[in-house]
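Notes follow the structure.
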Amino acid sequence: MPEPTPNRRGRLKVYLGYAAGVGKTYQMLADAQELAHTGADVVVGYFESHGRSDTILKAQGLEIIPRRQIEYRGAVFEEMDVDAILRREPRVCLVDELAHTNVPGFGREKRWEDVLALLEHGIDVFTTVNIQHVESLNDQVWRFTGIRVRETVPDWVIKEAAEVVMVDATPQALINRLLRGAVYAPEKARRALENFFKESTLVALREMALRETAHEVEVRHVTPAIFDEPVDGDQGGAPERPPAPPAARILVYLTADSSTPLLIRRARRVADYLEAECYAVLVYREGELASTPPERRAETERLLNFARNLHIETRTLEGADVANTLVEFARLQHITRIFVARPRYGRWRWFLARNLIHRIVRMASDMEVVVVADRGAAPPR
């Protein structure tokens, strides 16, 4: 495998949509064709046509790297051949469906990890993703649609992009395309209209995509053209800006409650908006860690890994008093905002002074304590 190209990291361009059929892949191919006509070395690492004739036509003339075949449980699957792309060393590589999960045994688990490998080797990447696959928005999407999206991309991967382009179409135009058979075959189109392609759902997803794109533009301020040649000794990386001191420092209190992933996503999203550092903290009482059953340890380790995957720094603490240990750590780290999950016990316990959340609020009087409720859960009795 070739070594990473020194002094130059590839640049990422993300085509963001809100549903299948808005034209992300088509626009990516159109831009690639225009770039290839200027003489740039462009290849297609992976793209899905879904049988759409206009998309297939738009890919003609571009070099397509053959996929790698993987056998799994008696069936043969095709994945993007990252090693072949690295050997080919193009200037630009097109990679469709960023949130895709690779077949077990392929190597990297997620396609976004494959994209990071290409970037590390100095290859610029065009890629596509829908807003419902952005990790921190997973809970909002579930509330809007009733569907839990399982394939997600960490927010920090999107923030790696030098450019984010929203590919838009009105919900009614998209539904008309679906009815004409331009998105899916008739049976799949019928199912889609009953689920993700309800007009109210599409309106909500589109608004979410518009807000996300506006935010991405705002945090980048002025984005240089993605394929500018290096000048005056510049090695082609993104321009460096002196980091601003964080306006806030956020702590997430991890528990075994099923709403904890929601809590982590919410804190990560707030931290991104505030450009704040973020910690996820698990607290055991003294002696409790050694006696914790293996299955509970495995569950808490999954939570810690989930937080790490979102680029949240994690800590596991022990102390005689959970609230005191948590708040002392927060004060040492100059935390300004603590996120805790609303416990699922009866309302009457909220009035007890010894309630853990109340104790954290009282002890952390110099910080903001945000109690997050899982709106999808049954109300406490």
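The values are calculated or read from the model by the stated rules, or taken from the named source; none is laboratory data. All values derive from a computational prediction rather than experimental measurement. Every residue, glycine as well, gets a Cβ built from its backbone with ideal geometry; the counts of neighbours run over all protein chains shown.
Contact annotation: residue pairs with Cβ atoms under 8 Å, 6 or more positions apart or on different chains, pairing a residue in segment 198-225 that is more than 12 Å from Phe144 (Cα to Cα) with a partner that is modelled with pLDDT under 85 and among the hydroxyl-bearing types (Ser, Thr, Tyr), are His215/Tyr273; Val217/Thr223. Of all residues in segment 1-37, those satisfying the criterion of being in a loop (DSSP other than H, G, I, E, B) and either modelled with pLDDT of 95 or more or surrounded by 24 or more Cβ atoms within 10 Å (Cβ to Cβ) (or both) are Gly10, Arg11, Tyr18, Val22. From the list Leu174, Leu205, the one residue that fits, being more than 22 Å from Val270 (Cβ to Cβ) and in the same structural domain as Ala30 (by TED's automatic domain parsing), is Leu174. Taking the criterion of being in contact with a Cys (Cβ under 7 Å, 6 or more places away or on another chain) and either part of a loop (DSSP other than H, G, I, E, B) or not aliphatic (A, V, I, L, M) (or both), the only residue of segment 38-59 that qualifies is Gly45. In the set (1) crowded, with 17+ Cβ neighbours inside 10 Å; (2) modelled with pLDDT of 85 or more; (3) closer than 29 Å to Val165 by Cβ, Ile226 fails one condition alone, (2). Any residue in segment 315-335 that is more than 18 Å from Ile360 (Cα to Cα) and hydroxyl-bearing (Ser, Thr, Tyr)? No, that holds for no residue.
With respect to Glu71, is the statement that it is surrounded by fewer than 17 Cβ atoms within 10 Å (Cβ to Cβ), modelled with pLDDT of 95 or more and touching a strand residue (DSSP E or B) at 6+ places or on another chain (Cβ under 9 Å) true? No.
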